[in-house]
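What follows is a set of notes on a single structure, which appears directly below.
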Amino acid sequence: MIAIEEVSKRYADGTVAVDCLSLQIPNHSITVLVGPSGCGKTTTLRMINRMIEPSSGTIRVDGEDIQHKPVNALRRSMGYVIQNAGLFQHRTILDNIATVPRLLGWSKQRARDRAAELMERVGLDPVMARRYPYQLSGGQQQRVGVARALAADPPILLMDEPFSAVDPVVRRGLQEELLRIQGELGKAIVFVTHDMDEAITVGDRIAVMRTGGKLAQFAAPDELLSSPADQFVEEFLGGDRGIRGLSFLSTRDLELDRSRVFPVGTDRKQLAQSTGPQPHVLITDADGKPLGWADPSVWDGDVEALTPYGQSFEVGRDSLRIALDRAVLSPTGHAVAVDGAGRVLGTAGQERVGAAIRAARQRRAAESPDDPSEDSAQVKAVR
């Protein structure tokens, strides 16, 4: 547990970067600090490892005031990841990752063995071990930065906008990698970003800060989206917070339509008799996987002539936001639902998805779980 207790940071010119901030950051979770430029996010992060000293207040880690711990020992007990990775350009990737273990007195071989293990964990090919940072892509460098921060197995990981310098596709991959690693290691992660979508994607809890270093709201992502504390938080979340909130509603109870799903080889007359007025049917292969949409009145059995079905969604794993997106983008207005093996379970039009959204919201309002950690686990499962 990281406890930030009435912490402020004031500079000599009178600037207040952080103003009487109190925050409880739990272990085994990702806490995101988000807000506009100048709201004190990075200052707060740097006060946790004493790169910046607070003007007043106390920061405790597992009950111990960090001011009572030697600053170098404190920093080596925390992993730190920044934009553009901050790698040593004259060192190989393996030696970059091994930096902190070597500072802690590990033998060179032990530190390099640990670095090689972490390269695999963060998804880096072993052939990159002897390369230098300039020989890697931006996304690969960020993975090295994460591996270096994890090298000494610190209980706390501080991340200062670590993925903001890479393109959206790579960024999404790095976010997924972070969630996978966190699922395996269960660190206390403090993550700074100015991007609310990123905060919602990776965070178990989100601290929204306003200009002047004041805490506006601290809540789980779904609670934040459904119940913003004030107008500032509501405006910062943006006009599409209702759509974003669907990311936390599971598709497991979505009612599916099987009436428009047929295996390839089904006779055209049988299709027409079975489907009635429905303009399109979904054709599957012999394994039950989707091939495409067909108009039964004109389709002659040619698989190449099928209309592409777009993207499917996995029932139970994907959220209602994804199901709705798939339905909106589908050429027929119906999303294709599949199981974990990619076999078709049915289809869902926008009306069915809408009904599932209303039902899920009613259930959530009625349930109000007593155990927030349990709720957070369920949320993370469908995010």
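Nothing in this text is a laboratory measurement; each read-out follows from the coordinates by a stated rule. Fair warning: this is a prediction, and the values are worked out from it, not measured in the lab. Here the Cβ positions follow ideal geometry from the backbone for every residue, glycine too, while neighbour counts run over all protein chains shown.
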| message | Through the Karplus equation 6.51 cos²θ - 1.76 cosθ + 1.60, θ set to phi - 60°, convert the phi angles of segment 195-208 into ³J(HN,Hα) values in whole Hz; use x for Gly and Pro. | response | 9, 5, 4, 5, 4, 5, 5, 9, x, 7, 9, 10, 9, 8
| note | Whole-Å distance linking the alpha carbon centroid of segment 1-54 with that of segment 121-194 is 22
| field | Inter-label distance, nm, simple model (7 Å from Cα along the C-beta direction), Asn27/Ala359 | value | 4.1
| field | Rounded FRET efficiency, nearest 0.05, which uses the C-beta distance separating Arg91 from Glu117 and R0 of 25 Å | value | 0.90
| Candidates per chymotrypsin sites (Phe, Trp or Tyr not before Pro) in segment 1-107, loop by DSSP, up to 15 other Cβ within 10 Å | Tyr11, Phe88
| query | Could you name the lysines in cross-link range of Lys289, using Cα to Cα under 27 Å and dropping any fewer than eight places away on the same chain? | reply | Lys269
| query | Suppose R0 equals 25 Å; then what is the FRET efficiency for Arg10 and Ala73 from their Cβ-Cβ distance, rounded to the nearest 0.05? | reply | 0.40
| field | Candidate lysines - alpha carbon under 26 Å from Lys41, same-chain residues fewer than 8 apart omitted | value | Lys9, Lys69, Lys187, Lys214, Lys380
| query | Assigning unit charges at the beta carbon (Lys, Arg +1; Asp, Glu -1) and nothing else, what dipole magnitude in debye, to the nearest 20, does the chain show about its Cα centre? | reply | 1180
| query | Based on the Cβ-Cβ distance of Lys214 and Thr307, what FRET efficiency does E = 1/(1 + (r/R0)^6) give at R0 = 51 Å, to the nearest 0.05? | reply | 0.45
| Whole-number percent relative contact order across segment 261-358, with pairs defined as alpha carbons under 8 Å at least 6 apart | 21
| said: For semi-axes √(5λ) of the Cα gyration tensor in Å, pick the label among [x] 32, 25, 19; [y] 46, 27, 16; [z] 29, 24, 22 that corresponds to the value derived from the coordinates. | reply: [y]
